[in-house]
1. At what distance in nm do the modelled label points of Arg124 and Val92 sit from each other, each positioned 7 Å from its Cα along Cα→Cβ?
2. Under 16 Å from a point placed 7 Å out from the Cα of Ala287 along the Cα-to-Cβ direction: which residues of region 173-201 have their backbone N that close?
3. As a quick test, which of the pairs Lys117/Lys178; Lys117/Lys332; Lys427/Lys451 have an alpha carbon distance above 27 angstrom in this structure?
4. Given the Cα-Cα distance of Ser40 and Phe438 and 0.36 nm per residue of separation, how much length would full extension add, in nm?
5. Got a sec to turn the phi values of region 170-183 into Karplus ³J(HN,Hα) couplings, 6.51 cos²θ - 1.76 cosθ + 1.60 with θ = phi - 60°, whole Hz, x for Gly and Pro?
6. Applying 1/(1 + (r/R0)^6) with R0 = 56 Å to the Cβ-Cβ distance of Glu25 and Lys152, what FRET efficiency is obtained, to the nearest 0.05?
7. First measure r as the distance between the Cβ atoms of Ser16 and Glu343, then evaluate 1/(1 + (r/R0)^6) with R0 = 51 Å and state the FRET efficiency to the nearest 0.05.
8. List the lysines whose alpha-carbon lies under 16 Å from that of Lys449, not counting same-chain residues fewer than 8 positions away?
Amino acid sequence: MNDEILVVDDEPDIRSLISLTLEDEGFLTIQAANAQDARSIIASRPPSCVILDIWMRDSDMDGIDILKWVQELYPEVPVLMISGHGNIETAVQALKFGAHDFIEKPFKTERLLLTVKRALQQRRLARENAELRASSGRTSPQRLIGQSSVVKQLQQAIERVAPTASRVLITGTSGSGKELVARLIHEQSERKDGPFIVANCARLNTTQAAMELFGSEGLQSGRRVIGLFEQAHRGTLYFDEICDLPADIQSQLVRTVAEQTFRRVGGNTEVTTDVRIISASSRDLQAAISEHRLREDLYYRLGVISLVVPALSSRREDIGALARYFVSEFAKQLGTSPIKLGEDLLNAMRAYDWPGSVRQLRNVIETLMIIADKSSDEPLSADSLPKEVIAGAGQDVNAVLDQSLSLPLREAREAFEREYMRSQLEKFEGNVSQMAKFVGMERSALHRKLKTLGLQAP
């Protein structure tokens with residue numbers, strides 16, 4: 001369990017009792033005996049939840065004052081108020097100022113745990129809703145779509161990498177699905193209940209990058225701003241297009257990655273975070289280092305494990321499955337029936353090179369869903385595709401033919417067989433039995449043929 005709970009009470013026995021109760025349930029706890037210690041701990045790193053006594057001796061602030069302070073600076077952190085002198089007036093006052101709930105001493109263990117779990121669940125739901133709002137309108141896959149050998153290899157690599165704490169550097173062409181891979185690593189890791197925060201490096205300019213990543217103190221009407229590193233505490237921070245990060249921020253990032261500490265802009269407090277970093281780039285990283293777009297020392301710190309996401313052109317047998325997935329998702333989004341994709345259209349898409357990879361395919365399917373005649377039950381033909389796809393597909397087919405004509409008969413026949421079998425595998429979605437009936441081969445013989453051609457059936 002990754003949740004960290006701050007217990008603030010001037011009575012050491014009460015602090016200890018609450019902390020031990022929570023730790024028995026798998027929570028991490030921090031204790032503070034007064035307002036000063038509580039503010040210092042929260043300012044250093046906001047906890048997942050605060051359990052706060054209303055009446056505190058030897059403090060410059062009482063519980064209500066601390067509650068107001070937390071709500072102003074960290075409104076996302078739930079605060080539970082406790083008091084041995086509680087009454088309905090005190091409870092109403094605490095709730096009025098933003099407390100999640102109120103517990104009166106002496107309290108039952110079950111009541112305490114239930115209230116804490118509800119507060120944390122509400123926090124998670126709020127975060128998930130914010131992520132859903134940010135991603136609304138997108139139809140990006142939530143899993144790797146396809147049965148090609150390269151996709152299966154990538155999935156196996158994700159399963160091996162995810163449970164570790166290692167930093168990961170993902171490369172691949174623009175639109176190939178690097179963020180999807182990063183999310184899958186997060187979701188299959190021990191941090192899955194923590195946040196997944198995206199830092200879009202291309203949108204960070206030199207002036208704002210430091211504040212966005214590390215936060216600030218006293219620069220905006222005296223308020224503290226929480227940066228992406230703190231938001232990602234006990235979760236994953238994903239750097240999209242790491243080479244676009246300003247050079248001076250790359251220098252700061254080297255230290256932060258090494259020490260897991262940083263200072264907010266305008267602040268003097270060393271903030272400690274527990275963050276797994278996953279980075280991605282569509283550039284040639286060695287060229288980026290030579291061109292001084294990426295610090296070499298940062299590259300070695302981020303690239304403990306390297307993964308490559310294949311371009312769509314290297315997994316053409318997955319195009320049909322991806323196309324049908326996007327059709328289904330857009331149909332749900334638009335509230336219409338899915339369109340049918342004709343075999344000639346699918347073959348044309350398989351022949352096209354897809355310079356924009358999966359993202360470009362998604363955009364083409366969205367266009368087809370919008371312009372298609374919903375009253376017709378006929379499958380869409382290849383001439384429904386955008387002109388650049390039709391032209392590119394034709395060029396690719398001609399290139400294949402030209403290449404085959406320059407080969408000896410045996411090699412040309414093998415090249416044709418490979419492309420033919422690849423197309424049929426995709427057409428029948430990896431169902432070898434159905435494919436064998438169509439091509440007129442025994443199932444065992446077809447398996448041997450596929451193996452000989454370097455193709456893999458699911």
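1. 3.4
2. Only 173-175 fall inside the zone, counting backbone N under 16 Å.
3. Too far apart for the 27 Å limit: Lys117/Lys178; Lys117/Lys332.
4. 136.1 nm
5. Going residue by residue, I get 10, 10, x, 5, 4, x, 7, x, 5, 5, 4, 4, 4, 5 Hz, with x marking Gly and Pro.
6. In this case the efficiency is close to 0.90.
7. With a Förster radius of 51 Å, E is 0.10.
8. Lys437
All of the numbers you see were taken from the coordinates with simple rules; none came from a lab. Worth saying up front: this structure is predicted, and the values here are computed from it rather than measured. Don't worry about glycine lacking a Cβ; one is built from the backbone with ideal geometry, like all the others, and counts go over all protein chains shown.
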